[in-house]
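Okay, structure first, notes after.
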Amino acid sequence: MDAPAPDPAIFSHIRVVMGMIISLSLARLLSGVALFIQHPGKTKVYWIHLGWVLFLFVFLVHFWWWEYHLHAVPVIDVTVYLFVILYACVFFFLCVLLFPTSLEDYSGYEHYFMSRRAWFFGFLALAFLVDLIDTAVKGKAYFESFGIEYPLRNTAYIALCVVAALTPSRRFHAAFLVGALLYQLAWMYRAFDLLD
């Protein structure tokens with residue numbers, strides 16, 4: 001006997017709540033970048049910080065795209081609902097960590113980012129860990145459709161985030177950022193180009 005089809009109204013309801021949190025996250029990123037245009041020279045820009053802003057923008061857009069697959073979950077109970085909302089909240093905290101309310105205790109974004117890197121990369125590692133659970137919630141067949149690359153990818157991201165949280169090496173941070181951004185874009189197009 002086939003599993004009952006999920007009620008589309010429940011899925012729409014969850015997407016609205018998720019959409020609010022993701023909207024706040026995107027707004028935080030866009031407002032932060034707009035400050036550089038509104039007040040050029042007021043704060044020192046740090047290219048690695050801006051690179052993670054771009055990475056997170058891509059990750060957020062990607063998150064919204066792949067959460068469409070929640071429609072296939074046969075039963076969406078309050079546990080799944082809370083899980084998905086908390087997952088979206090992880091992204092919001094990442095955005096707030098990239099653009100704090102004030103930089104008055106710091107000489108610029110490099111000083112701020114490097115001094116708060118443990119928090120940022122801790123939350124980023126959490127996002128990749130929670131992503132594994134999120135994909136599993138959508139079903140075994142869905143999880144396995146990504147092959148071995150998917151769990152290896154997330155494990156590598158988590159390990160690299162731990163290293164990034166611990167090391168102040170600008171070389172490592174630059175290499176991690178460039179590699180992570182290029183891989184994330186390639187992964188997005190290879191694994192999620194079309195919704196089905």
Over the chain, what is the relative contact order in percent, taking alpha-carbon pairs closer than 8 angstrom and at least six residues apart? 28
Quote the relative contact order of segment 78-182 in percent (integer), defining contacts as alpha-carbon pairs under 8 Å separated by 6+ residues. 29
Counting only protein heavy atoms with a 1.4 Å probe and every protein chain in place, the carbon and sulfur fraction of the accessible surface of the chain in whole percent equals 71
Using 0.36 nm per residue of separation minus the Cα-Cα distance, give me the extension gain between Asp105 and Thr79 in nm, one decimal. 5.4 nm
Rounded if a/c under 1.5, otherwise prolate or oblate - segment 14-56, Cα gyration tensor axes: oblate
Can you give the accessible area of Thr79, probe radius 1.4 Å, in Å² rounded to 10? 90
Working with all protein chains in place, sort Tyr109, Tyr81 by solvent-accessible area computed with a 1.4 Å probe, largest first. Tyr81, Tyr109
Kindly sort Met188, Met114, Met20 by accessible area of their heavy atoms, largest first, with the probe set to 1.4 Å. Met20, Met188, Met114
Go through Phe92, Trp119, Ile148 and say which Cα lies farthest out towards the positive end of the charge dipole of the chain; charges sit on Cβ, +1 for Lys and Arg, -1 for Asp and Glu. Trp119
Nearest-10 value in Å² for the accessible area of Val75, using the 1.4 Å probe: 100
Grab the Cα-Cα distance for Ala141 and Phe36, subtract it from 0.36 nm times how many residues apart they are, and report the gain in nm with one decimal. 33.3 nm
Mind pulling up the Rg/Rh value for segment 27-95? Radius of gyration and Kirkwood radius, both on Cα. 1.14
So what does Trp47 come to for accessible area, using a 1.4 Å probe and Å² rounded to 10? 140
Order the following by accessible area, largest value first: Asp134, Asp77. Probe radius 1.4 Å; ligands, DNA and RNA are ignored. Asp77, Asp134
Surface accessible to a 1.4 Å probe, per residue, for the residues of segment 21-84, Å²: 51
Averaged per residue, the 1.4 Å probe accessible area of segment 88-196, protein heavy atoms only, in Å², is roughly 51
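The values are calculated or read from the model by the stated rules, or taken from the named source; none is laboratory data. Keep in mind the model is a prediction, meaning the values are calculated, not measured. Neighbour counts run over all protein chains shown; Cβ positions are idealised from the backbone, glycine included. Calculation scope for accessible area: heavy atoms of the full protein, side chains included, ligands and nucleic acids excluded. Shrake-Rupley method; radii C 1.70, N 1.55, O 1.52, S 1.80 Å.
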